[in-house]
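K.L.:
My structure is below; once you've seen it, I'll send some questions.
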Amino acid sequence: MTEAALRRALVTGGSGDIGAAICRRLARDGLHVVVHANRNLERAKGLVAEVGNAGGSAEVIAFDVTQAQATAERLRTLLQAGPIQVLVSNAGGYRDAPMAGMNQAQWRYPIDVSLHGFFNVAQPLLLPMMATRWGRIIAISSVAGVIAGHITTREFAADAIKRLVPMKRAGTPDEVAALVAFLASNDAAYISGQIISVNGGMA
C-alpha cells in the first residue's frame with residue numbers, strides 16, 4: 001500500500017459537477033475520498049458507488065456547511081476514523097440579483113457558504129491534520145470571485161463564451177480536478193499560499 005493510499009480527502013460540494021470530478025480523480029490517485037453533500041445526497045451516494053466499482057475507496061457525508069454546530073458534530077464523527085489530510089473546500093453557491101433588488105438572504109448566502117462554511121469545515125480538521133505533519137487545504141472559488149460574472153455553459157451561450165474567454169471555450173470539471181490532484185500530491189510539497197486561476201486566460 002502506498003503512502004497516498006493511507007490519506008483521506010474530504011471534498012465539500014462533492015456531489016456537484018466539479019466536486020464529483022475532483023472526487024473521481026483523487027480516488028483514482030489512491031486517496032480515500034469523503035464525498036460531502038447537502039441537498040444532493042443521492043447523487044453523492046451514486047458517486048461513492050461509482051468510485052467503488054472503479055476500484056477506489058470513498059464514503060459519503062452530509063451536512064450544511066453554514067451550520068457550525070452540526071458541521072462540527074459530523075466532522076467529530078468523521079475524525080474518529082482518522083485525520084483528514086486533504087481538504088478540498090469546493091462547496092459554493094450564489095443567488096445573484098441586481099443590488100437594488102437584492103434581499104438580505106441573497107446577499108448573505110454566498111458569504112455563508114464560501115466564507116463561513118470554509119471556516120466551519122477547516123477549523124476542526126486543522127489540529128488532527130497538523131499532527132500528521134502532512135496536509136493540504138485547497139479552496140475552490142468561482143471566477144466570479146475575481147471578476148463580475150459567472151462563466152458556465154449553463155449561463156452563457158457559446159458565442160458569449162468566445163467573446164469573454166480568450167481560449168474561446170468553457171473550462172471542464174476535469175481540468176479543475178487535474179490541478180487539485182497535483183496540489184494534493186507530493187509533487188506540490190513546496191507550494192503554499194498561492195492563487196491559481198483556471199480561467200481560460202481571463203484577466
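The values are calculated or read from the model by the stated rules, or taken from the named source; none is laboratory data. Treat the numbers as computed from the prediction; the structure is a model and nothing was measured. No Cβ is skipped: glycine too gets one built from the backbone with ideal geometry, and neighbour counts run over all protein chains shown.
K.L.:
Out of region 157-170, which residues are at negative phi, loosely packed, with under 15 Cβ neighbours inside 10 Å and part of a loop (DSSP other than H, G, I, E, B)?
P.N.:
Correct list: 157, 166, 167, 169.
K.L.:
Restricting the search to region 19-46, which residues are modelled with pLDDT under 95 and surrounded by 23 or more Cβ atoms within 10 Å (Cβ to Cβ)?
P.N.:
Within region 19-46, no residue meets the criteria.
K.L.:
Give region 171-203 a look and list any residue that's part of a loop (DSSP other than H, G, I, E, B) and either within 13 Å of the chain's Cα centre (by Cα) or of a type in the set (Ser, Thr, Tyr) (or both), or say none.
P.N.:
Once the filter is applied, which keeps residues that are part of a loop (DSSP other than H, G, I, E, B) and either within 13 Å of the chain's Cα centre (by Cα) or of a type in the set (Ser, Thr, Tyr) (or both), region 171-203 yields 172, 184, 185, 190, 192, 197.
K.L.:
Output the helices (runs of 4 or more DSSP H) that fall wholly within region 1-98 and possess 2 or more residues being within 20 Å of residue 174 (Cβ to Cβ), or say none.
P.N.:
Numbers: elements: 17-28, 41-53, 68-79.
Because the criterion is at least 2 residues that are within 20 Å of residue 174 (Cβ to Cβ), the helices (runs of 4 or more DSSP H) in region 1-98 that meet it are 17-28, 41-53.
K.L.:
List every residue pair whose Cβ atoms lie under 9 Å apart, where the two residues are 6 or more positions apart in sequence or sit on different chains, the first residue falls within region 85-112 and is closer than 27 Å to residue 180 by Cβ and of a type in the set (Lys, Arg), and the second residue, located anywhere, is surrounded by 12 or more Cβ atoms within 10 Å (Cβ to Cβ) and modelled with pLDDT of 85 or more.
P.N.:
Here the result reads 95/102; 95/106; 95/107; 95/109; 95/110, each pair linking region 85-112 to a residue that is surrounded by 12 or more Cβ atoms within 10 Å (Cβ to Cβ) and modelled with pLDDT of 85 or more.
K.L.:
Just give me the residues in region 116-146 being at pLDDT below 95 and closer than 18 Å to residue 185 by Cα, in sequence order.
P.N.:
Passing the criteria: only 140.
K.L.:
Taking region 84-105 on its own, how many of its residues are within 18 Å of the chain's Cα centre (by Cα) and either at pLDDT below 95 or not polar (S, T, N, Q) (or both)?
P.N.:
Counting residues in region 84-105 that are within 18 Å of the chain's Cα centre (by Cα) and either at pLDDT below 95 or not polar (S, T, N, Q) (or both) gives 8.
K.L.:
Filter region 1-28 down to residues that are farther than 27 Å from residue 67 by Cα and touching a Ser or Thr at 6+ places or on another chain (Cβ under 7 Å), then give me how many there are.
P.N.:
Selection size over region 1-28: 1.
K.L.:
Does residue 69 fit the bill of being modelled with pLDDT of 95 or more and on the phi < 0 side of the Ramachandran plot?
P.N.:
When the stated conditions are applied, residue 69 passes them.
K.L.:
Let me ask you something else. What pairs come out if I take residues in region 57-80 that are in contact (Cβ under 8 Å) with a residue 24 or more places away in the chain and pair them with residues that are surrounded by fewer than 20 Cβ atoms within 10 Å (Cβ to Cβ) and among the charged types (D, E, K, R) whose C-beta lies under 7 Å away, six or more apart or interchain?
P.N.:
Qualifying pairs under 7 Å: 60/45; 61/74; 63/74; 66/112.
K.L.:
What do you reckon, is residue 110 under 20 Å from the mean Cα position of the chain (by Cα), modelled with pLDDT under 90 and not in a loop (DSSP other than H, G, I, E, B)?
P.N.:
Considered against the rule, which asks whether it is under 20 Å from the mean Cα position of the chain (by Cα), modelled with pLDDT under 90 and not in a loop (DSSP other than H, G, I, E, B), residue 110 comes out as yes.
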